[in-house]
Amino acid sequence: MGANHLFDGLLGGRETDSRILLRVPDGDDWSYAELVGLSGRLANLLQAQGVEPGDRVAVQVTKSVQAIALYLATVRAGAVFLPLNTAYTRAEVEYFLEDAEPAMFVCASDRAAEFDGIEARVLTLDGDGGGSLMPAAENMTPDFTNVERAPQDLAAILYTSGTTGLSKGAMLSHDNLLSNALTLVDYWRFTSADVLLHALPIFHTHGLFVATNIILICGGSMIFLARFDLDAMIEQLPRATSLMGVPTFYTRLLADDRFDRELVAHVRLFVSGSAPMLPETHVQFEQATGHRILERYGMTETNMNTSNPYEGERRVGSVGFPLPGVEINITDPESGTTLADGETGMIEVRGPNVFLGYWRKPEKTALELRANGFFITGDMGMIDSDGYVHILGREKDLVISGGYNIYPKQIETEIDALDGVLESAVFGIPDPDLGEAVAAAVVLEDGATLDQEQLNAALKPLLARFKLPRKLVLLDELPRNAMGKVQKNVLRDRYG
Ligand code: MCA
Ligand code: AMP
């Protein structure tokens, strides 16, 4: 095999490893060797279908073992993996396909008709392995000579909106992904004895590059759930040594009577991230289980930046220390000058984890990625006197709901285009289950009417369902500051 930086780091030498990697409850077990073999068949298929090194392979599929194999196959073929949330509508996906120009698009069978006529070759893959992809791969040999890829070569593009609200493809190199996962294996003490309960989606950094890459590297195994299902979680936790989740995972588990110290007696590590965890959840979790959840901080553009320690104090309300090799700088958002410890400012990050830039958007890249290598996160925070990083707010206009990022600008644009709407402001309100939920304040033209049901019916074909407002307030005017900027904090205070 040629040197392929990411694949070699994740799975090099595992071609004949018969140990179990993936356990799918009510499904099959998959060994390392089986997954590597399937990824080889799929890599051969990609090549046979004309996917060249550097080409994008866009994937919008239900979570499955085959989808993990497709990720690995794309890496092996030297192509660029581009995963998309299954909730995205045709209209949303179209933007990504036009921007990324993938050579291949893999989607669910029941949605293939929506993508008739697109430029990319379309294959299908369903959650049970059905669709056109797998039968085509069956005819291929599992042996595949990996395409050579160097550390700085592109491995994946993940779309995110950064600080501006416009969706941009974050370009992640082989080494961005590998170096960060290697660091986390060490920092969180993952070994081949680990069994990770995997219930996150695999189209985001958390479920794919953190959870999955870590397990591949350490040689452990995963209990692979299609989604977060409370009963399945309760059933599987006694077999797990570790869990990674968004705060909603933990609040839902805590609210269940079956969740107690005994159920998790075998678990050594609970990790939370993607959204802020309330201090009370930390406290309740420790009371219920004796475990302190390990909270860490990451971003699509940077993978993981900081983490509370494995040993030592996991400080509630903090996201811990910069990971080894990662630098955190707190700066004045206006001038960019570095602030002293204890002062609140913009969190900036530099290290081997920081992405290469935004796909085909050098001018946007230049706004967020400094020439000195520091990435401007849009998160506000400070470093305390013991070196712990605290996130204290977000300068970017973003709602995080159940760990999904929702950009108000996108929703406002769609609402403003509706008949009878003068203007709108979308903001986050506290939600006990999802952390934040989407609310919309709308100003109507004289005589126009709009209710929640009409609003959501109009938005449904355009926006993924998780972005639909759960609350609508009709106002005569939006609150604005002296500069004319809508005061979303006022809306939050009034209607949250
Ligand atoms: C589902 N729904 C939601 C969400 N999820 N609405 C708002 N926010 C959500 N997160 C809606 C669906 O559209 C549906 O609406 C209804 O809720 C029920 O859908 P279902 O699929 O049953 O939802 P669920 O099982 O309750 O899902 C909640 C969840 C899930 C388990 C919290 O959203 C989840 O797995 N979130 C994890 C996201 C994640 O991995 N984030 C990492 C991003 P309707 O009835 O109208 O159809 S990576 C990242 O952020 C960085 C790098 C980092 O630091 O990790
Ligand atoms: P994404 O765009 O999906 O990469 O989301 C990254 C954003 O999630 C960060 O910029 C933070 O605002 C937020 N985030 C991730 N982890 C945490 C955490 N532990 N606490 C607070 N916010 C977090």
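Can you give me the relative contact order of the stretch 136-178 as a percent, contacts being Cα pairs under 8 Å and 6 or more apart? Display every interim value, and only then the final one.
Working: 41 pairs, mean separation 15.5, N = 43.
Computed value for the stretch 136-178: 36 percent relative contact order.
Note down the relative contact order for the stretch 253-303 as a percent, whole number, built from C-alpha pairs under 8 angstrom at least six residues apart. List each step's numbers first, then the result.
Values: 43 pairs, mean separation 21.3, N = 51.
Once normalised by length, the contact order is 42 percent.
Rounded to the nearest Å, what's the spacing between the alpha carbon centres of the stretch 58-121 and the stretch 417-432? Just the number, please.
30
Given Cα pairs under 8 Å that are at least 6 residues apart, what percent is the relative contact order of the stretch 367-452?
Details: 122 pairs, mean separation 16.5, N = 86.
Normalised by residue count, the contact order of the stretch 367-452 is 19 percent.
HN-Hα J couplings of the stretch 484-491 from phi, Karplus 6.51/-1.76/1.60, θ = phi - 60°, integer Hz, Gly and Pro as x?
Running phi through 6.51 cos²θ - 1.76 cosθ + 1.60 with θ = phi - 60° gives x, 7, 5, 8, 5, 5, 5, 4 Hz.
Could you work out the helix-only [θ] at 222 nm for the chain, with each DSSP H run of four or more residues adding -39,500 (n - 2.57) and the total divided by the number of residues, to the nearest 500 deg cm²/dmol?
Values: 14 runs with 131 residues, N = 496.
Calculated at 222 nm, the ellipticity per residue is -7500 deg cm²/dmol.
Can you work out ³J(HN,Hα) from phi for every residue in the stretch 348-360, in order, using Karplus 6.51 cos²θ - 1.76 cosθ + 1.60 and θ = phi - 60°, giving whole Hz and x for Gly and Pro?
10, 10, 9, x, x, 7, 6, 4, 7, x, 8, 3, 6
Student exercise: in the chain, how many lysine pairs 8 or more apart or on different chains have Cα atoms under 20 Å apart?
Lysine pairs, 8 or more places apart or on different chains, close enough: 21.
If a/c stays under 1.5 just call it rounded; otherwise compare a/b with b/c (prolate if a/b is bigger, oblate if not). Do that for the stretch 387-496, with a ≥ b ≥ c from the square roots of the Cα gyration tensor eigenvalues. Mind showing how you got there, number by number?
Numbers: a/c = 2.11, a/b = 1.39, b/c = 1.51.
Note, shape of the stretch 387-496 comes out oblate.
Readers should treat all values here as calculations from the given coordinates under stated rules, not as data from a laboratory. The structure presented is a predicted model; accordingly, all values stated were derived computationally and were not measured.
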